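Enquirer: Just passing along the structure, written as structure tokens.
The values are calculated or read from the model by the stated rules, or taken from the named source; none is laboratory data. Keep in mind that what you see is a predicted model, and the values were worked out from it rather than measured. Note: ideal-geometry Cβ built from the backbone for every residue, glycine included; neighbour counts use all protein chains shown. Areas reflect the complete protein model, heavy atoms only, side chains present, ligands, DNA and RNA absent. Shrake-Rupley method; radii C 1.70, N 1.55, O 1.52, S 1.80 Å.
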Amino acid sequence: MSSKAQRRGSDYRRKRKRFHANQYTQNVSDTLAVDRISASAKKLCKENFLEKEVRNSNQSNGYRMINIDILLSELSKYLICPNCNTKVVLKEKILYGLVSEFYVECYSCSTLTTFKSFSVIASSKDYEVNTRITYAMRTVGMGFCGIKNFCTAMDLPSPVSQKSYERIMRKINLASH
């Protein structure tokens, strides 16, 4: 037995230290100020970039997954023909892979306007979304079957064909070397 144990006696039991808060504990009044930026973002971003990001948080950019039925029905409620000021109908036609072509049709004056959901990459003449999904799935270790399974599970249109997939992969490989 050590000398300390002999001095204490056999019935001595150490007291546990209790937690009495610390300097990082917040008061209830401090929690009312809601911070919309995560701690990770604060650590990774520089101060001026962070302020710019907060100012631009109301702007929408980038890519989203949208239920097209809801989008078409909601937009059709508000669209008006610029020629005759009557309501128009917004419809979709699947064009190539994950790209859709939308058309705005006015039944009164027979005006028809079309636009595509994604742009074409000028150098490769492929649609951006098809190149993006091919690259993304290869990055996570999936190939053409992975794209097909993903599109099926997410109820997306059928992806590009096997031949188009291979052509896009050749272009990605050329660009990466």
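Enquirer: Would you tally the net charge around Lys91, using a Cβ to Cβ cut-off of less than 13 Å, leaving Lys91 out, and scoring K and R as +1, D and E as -1?
Expert: Values: positive: Lys93; negative: Asp69, Glu92, Glu101, Glu105.
Net local charge, Lys91 excluded: -3.
Enquirer: In addition: Normalized C-alpha radius of gyration of the range 72-177, against 2.2 N^0.38 Å? Don't jump to the answer; show the numbers that get you there.
Expert: Working: Rg = 17.5 Å, N = 106, 2.2 N^0.38 = 12.9 Å.
After normalising by residue count via 2.2 N^0.38 Å, the value is 1.35.
Enquirer: Let me ask something else about it. How far apart, in nm, are the 7 Å Cα→Cβ label points at Ala153 and Asn83?
Expert: The modelled label-to-label distance comes out at 4.6 nm.
Enquirer: Taking loop as defined by DSSP and a crowding limit of 12 other beta carbons within 10 Å, which GluC sites (Glu not before Pro) in the range 74-152 fit? Walk me through the intermediate numbers first.
Expert: On the way: sites: Glu74, Glu92, Glu101, Glu105, Glu128; in loops: none.
Sparse-neighbourhood loop GluC sites (Glu not before Pro): none present.
Enquirer: Calculate, for Ser124 and Ile66, the FRET efficiency according to 1/(1 + (r/R0)^6) with r their C-beta to C-beta distance and R0 25 Å; round to the nearest 0.05. Could the numbers behind the result be given before it?
Expert: Working: r = 25 Å, r/R0 = 1.02.
Given R0 = 25 Å and the Cβ-Cβ separation, E is 0.50.
Enquirer: Return the carbon/sulfur percentage of the accessible area of the range 88-127, one whole number, probe 1.4 Å, all protein chains in place. Numbers along the way, then the final one.
Expert: On the way: 1320 of 2360 Å².
Using a 1.4 Å probe with all protein chains present, the range 88-127 comes out at 56 percent carbon and sulfur.
Enquirer: Which net charge results for the neighbourhood of Thr111, defined as the other residues with beta-carbon distances under 14 angstrom from its beta-carbon, given Lys and Arg at +1 and Asp and Glu at -1? Kindly include the intermediate steps, with their values, before the conclusion.
Expert: Details: positive: Lys87, Lys91; negative: Glu105.
Spelling it out: positives minus negatives among the neighbours equals +1.
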